[in-house]
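K.L.:
Take a look at the following structure, please.
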Amino acid sequence: MIDLRSDTVTKPTESMRRAAYEAEVGDDVYGEDPTVNRLEEKAAELLGKEKALFVTSGTQGNQIAALTHCRPGDEVIMEASSHIYIYEVGGFSALANVQIRPVPGINGAMNTVDVKNTIRAENIHYPTTSLICIENTHNLAGGAVLPLSHMQEISQLAKENNLQVHLDGARLFNAQVASGISVKEYAKNVDSVQFCLSKGLGAPVGSIIAGTEEFINRARKWRKMLGGGLRQVGMIAAPGLVALEENINRLAEDHAHAKLLADGLANMNGLKVENKVETNIIIVNVKETKHTPETFVEALKSKGVLAGVFGLDTIRFVTHYDVSREDIDKALIAVQEIL
Ligand code: TLP
């Protein structure tokens, strides 16, 4: 099977498996796991933040950020198709007891004037706006890279209004590789950042959240409350370290494969590639074919290719390190046969 459903499907590399086997471990709830400590230090350094925390998933990282930044009843502004709003099971409202205020964006970026107009004034009737969340790269916008200038504008606006900014950077390293702008440069504009080790970077488990020491100390308690205080967790942090050491620059290969796949698909009758394809995600509209997204994905499966249903008329392909150049060619042939 050529699995293009997501970059979450990668299997750990040989060096990750070896690192897990050989990992030095201790009880991380006591702060005594040397491998976790090394991973957190390395992640904080890469992001230019005081401290980082290893969490079980991107979703858990984002939820902990809301719990740490906000109080119950607060309002959080975010783009209307952001992962937190669409795909995190309503966690911000269920766990952090905050209200989300979605603002529609273009290519994943909210208009800063819209954001400004959405910040609540002081009024006895209103909730308090406390946080703005942004996403880079933006999943539903097809892996779009949020421009640094946009993040700087949001940061400025947040400062002027005494708000915090959280970055869902599940694929922030894809943004770095595509734009040449370092994750540190992006992270300068936010108070907290979450990135996934288990997407394109290829680790089997885990995400990082980072921010000030004070923020991370409080976040650590929320992680414990959520049941995310793990013990000899160096076993899974070790592959995360390998991911950061070995797999960042190779994301360029995934981006090149995505472009190849997108160009091939764009040339086929009835298909429309909906996004610009800046990184590793391709969103394809199949409305003009005889298929629905569901039947298209089924037909692809019968030909040994997996893709995901991604909207009423769209399917999604995601490239990653378990997909070779040859696989891209094979996937294109399978799509052509279906059409
Ligand atoms: N995205 C997954 C699915 O949940 C849709 C995928 O296959 O793309 N932020 C962003 C921007 C994400 O894309 C994801 C996962 C997460 C957060 C959550 O990460 P995990 O899966 O580790 O909880």
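The values are calculated or read from the model by the stated rules, or taken from the named source; none is laboratory data. Here the structure is a predicted model, which means the values were calculated and not measured. Cβ: placed from backbone, ideal geometry, glycine included. Neighbour counts: every protein chain shown. These accessible areas exclude ligands, DNA and RNA; they are computed on the full protein's heavy atoms, side chains included. Shrake-Rupley method; radii C 1.70, N 1.55, O 1.52, S 1.80 Å.
K.L.:
Go through (1) in a loop (DSSP other than H, G, I, E, B); (2) more than 16 Å from the ligand (Cβ to nearest atom); (3) not aliphatic (A, V, I, L, M) for P12 and report which single condition fails.
P.N.:
All conditions pass for P12, except number (2).
K.L.:
Identify, please: which residue in segment 50-85 is within 17 Å of the chain's Cα centre (by Cα) and away from the ligand (no atom under 13 Å from the Cβ) and is, among those, surrounded by the most Cβ atoms within 10 Å (Cβ to Cβ)? Full working, then the answer.
P.N.:
Within segment 50-85, the subset within 17 Å of the chain's Cα centre (by Cα) is 52-66, 78-85.
Right, trim to away from the ligand (no atom under 13 Å from the Cβ) and you get 52-53, 80.
On the way: A52: 23, L53: 26, A80: 14.
Looking at the filtered set, the residue picked out is L53.
K.L.:
Something else about it: Restricting attention to segment 146-170, which residues are open to solvent by less than 10 Å² (accessible area, probe 1.4 Å), closer than 24 Å to R250 by Cβ and outside any strand (DSSP E or B)?
P.N.:
L146, G169
K.L.:
Being acidic (D, E), crowded, with 18+ Cβ neighbours inside 10 Å and either farther than 21 Å from H138 by Cα or modelled with pLDDT of 95 or more (or both) narrows it down to one residue among E24, E88, E41, E45; which is it?
P.N.:
Details: E24 fails: crowded, with 18+ Cβ neighbours inside 10 Å; E41 fails: crowded, with 18+ Cβ neighbours inside 10 Å; E45 fails: crowded, with 18+ Cβ neighbours inside 10 Å.
E88 is the lone residue from the list that is acidic (D, E), crowded, with 18+ Cβ neighbours inside 10 Å and either farther than 21 Å from H138 by Cα or modelled with pLDDT of 95 or more (or both).
K.L.:
From the list L47, L4, pick out the single residue that is touching a residue at least 12 places away in the same chain (Cβ under 8 Å) and within 15 Å of the ligand (Cβ to nearest atom). Don't jump to the end; show me each part of the working.
P.N.:
Details: L47 fails: within 15 Å of the ligand (Cβ to nearest atom).
One residue alone meets the criteria, L4.
K.L.:
For segment 270-313, how many residues meet the condition of being within 16 Å of the ligand (Cβ to nearest atom), under 29 Å from A243 (Cβ atoms) and either among the acidic types (D, E) or under 23 Å from the mean Cα position of the chain (by Cα) (or both)?
P.N.:
Residues in segment 270-313 being within 16 Å of the ligand (Cβ to nearest atom), under 29 Å from A243 (Cβ atoms) and either among the acidic types (D, E) or under 23 Å from the mean Cα position of the chain (by Cα) (or both): 14 in total.
Yes/no matrix, rows are residues, columns are (1) within 11 Å of the ligand (Cβ to nearest atom); (2) of a type in the set (K, R); (3) in contact with a helix residue (DSSP H, G or I) (Cβ under 7 Å, 6 or more places away or on another chain):
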residue: E122; (1), (2), (3): no, no, no
residue: Y126; (1), (2), (3): no, no, no
residue: I134; (1), (2), (3): yes, no, yes
residue: L140; (1), (2), (3): yes, no, yes
residue: P147; (1), (2), (3): no, no, no
residue: H150; (1), (2), (3): no, no, no
residue: S155; (1), (2), (3): no, no, no
residue: V165; (1), (2), (3): no, no, yes
